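Everything on this sheet refers to the single structure shown next.
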Amino acid sequence: MESPIQVNQNTAITPSNSAPKMVGSILGAVALAHLLNDLIQAALPAIYPMLKSNFALNFTQIGLISLVYQITASLLQPWIGLYTDKHPKPYLLPLGMVVTLLGIGLLAFANSFHMLLIAASLIGIGSSTFHPEASRVARMASGGRFGTAQSAFQVGGNTGSAIGPLLAAAIIVPNGQAAAAWFTLIALFAIFVLYKVSKWTVKHALTQVSHNTQLSSFKLHGNTLVRALMIISILMFAKFTYIASLSNYYTFYLLEKFHLNLQDAQLYLFAFLAAVALGTFAGGPIGDRIGRKAVIWISFLGMAPFALLLPYMNLYWTLIFTMISGLVMSSAFSAMVVYAQEAVPGRVGMIAGLMFGLMFGISGIAAAALGYLADKNGIEWVFTLCSFLPLLGIATIFLPNTRLKHQ
């Protein structure tokens, strides 16, 4: 559905005397929708052990399910964002959630591995329409506090990712695969919330984009821009490969090394994902104050010692170190998204789609590759290998220093 308001974010804007204000109700609604969206997505990896048993799958097939989901959730995002930068379509938000709803229904009643792949792809397509558009709305409602708004938006998703495994353990694992149908109620609620958000976007888009364009702090050009985006991509690879090793295989690691039962392992996964949510919430506001690059430095190098020691810890310290790793490393994502959006002003949707697309794509490819390596070398070997990834954060030294002070 076309929006009646067409906003060209590259058009010069006449400065306004009124200072922009954060629209808390809309930012809260978008964060809530992100929570609901990612809660649904998190239910899929949370029931991998059950699907592995029900369908006699190996780790490679589990990795392929993740790959199909993550690829469909990643490849479309930059293109959707690029198109809607020029041709806004705010009602894509509820329509994308309708596709997710169909994916959940198919997941609940799938009776073959191929149907599981189709269900995962539908959930991924729904996600690919949600993230670039919802991230754009969060920036529109930010009132110029871009890092804070991006963190609030992202922490909604991380909170949903933390709650998802708990609901899966409470609803799906005890009652069987068909109980996933209960998650359609969550999708229906998300459709309602996103419809309300879309109505606000249609009414207020021009004013909000005008204000935010005035506050763009810097722009990179030529080789400097290419270098910055390449380094951000390397950092994204390190962060999300490491996160994928924990979010997809942490339960298997705990089951194999410490002989926990599945429900207890899900509680440990929840603790890790909750720490990720908390770290994400802190990263944006701190970045608004001290700069994006400083947050990225702290995020990667601060958690490297904990990641390196994690494979050698007992159960208690495994829990503590995974929570610290999730808390510290997750603070970088909002900073990286805002850094890239400000480096390429006027392409908010494309950059959001690219960043979230990279997140999903890297996570999917990593999940498949790590599943293959786990089949070959064991899950503990995989965790030892991934412990070195945060050291790639040293690449931050080559990021252009973009921090500017404003009057």
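The values are calculated or read from the model by the stated rules, or taken from the named source; none is laboratory data. Fair warning: this is a prediction, and the values are worked out from it, not measured in the lab. Glycine also receives a Cβ, built like all others from the backbone with ideal geometry; neighbour counts cover every protein chain displayed. Each accessible area value is taken on the protein alone, full model and side chains, heavy atoms only, with ligands, DNA and RNA left out. Shrake-Rupley method; radii C 1.70, N 1.55, O 1.52, S 1.80 Å.
Please state the shape class of the range 285-352: rounded when a/c is under 1.5, otherwise prolate if a/b exceeds b/c and oblate if not, all from the C-alpha gyration tensor. Verdict is prolate for the range 285-352.
The Rg/Rh ratio for the range 232-319, using Cα coordinates for both the radius of gyration and the Kirkwood hydrodynamic radius, is 1.02. For the range 239-285, a Kirkwood hydrodynamic radius built from all Cα pairs, placed in the Stokes-Einstein relation at 20 °C and 1.002 mPa s, yields a translational diffusion coefficient of 188 µm²/s. Placing unit charges on the Cβ atoms of the charged side chains and taking the dipole of the chain about its Cα centre, the candidate lying farthest along the positive direction among I296, L76, I234 is I296. Per residue, what accessible area does the chain have, given a 1.4 Å probe and all protein chains present, in Å²? It amounts to 39 Å² per residue over the chain.
Counting Cα-Cα pairs of the range 108-172 in 10 Å increments starting at 0 gives whole-percent bin shares of 18, 34, 30, 15, 3. For the pair T224 and N175, label points projected 7 Å from Cα toward Cβ lie 5.7 nm apart.
Remark on the range 45-106: ratio of C-alpha radius of gyration to 2.2 N^0.38 Å is 1.47.
A simple charge model with +1 on the Cβ of Lys and Arg, -1 on the Cβ of Asp and Glu and nothing else charged puts the dipole of the chain at about 1120 debye relative to its Cα centre. What the pair-distance distribution of the range 70-193 shows, using all Cα-Cα distances binned every 5 Å from zero, is 2, 11, 16, 22, 21, 13, 8, 5, 2, 0 percent. Across the range 294-398, Cα-Cα distances exceeding 21 Å account for 46% of all pairs. Hydrodynamic estimate: the Kirkwood radius of the range 24-73 over Cα pairs, inserted into Stokes-Einstein at 25 °C and 0.890 mPa s, corresponds to D of 196 µm²/s. Relative to its Kirkwood radius, the Cα radius of gyration of the chain gives an Rg/Rh of 0.96. Per-residue extension of 0.36 nm, minus the Cα-Cα distance of E380 and L185, leaves a gain of 66.4 nm for this segment.
The accessible surface of the chain, taken with every protein chain in place and a 1.4 Å probe, is 68 percent carbon and sulfur.
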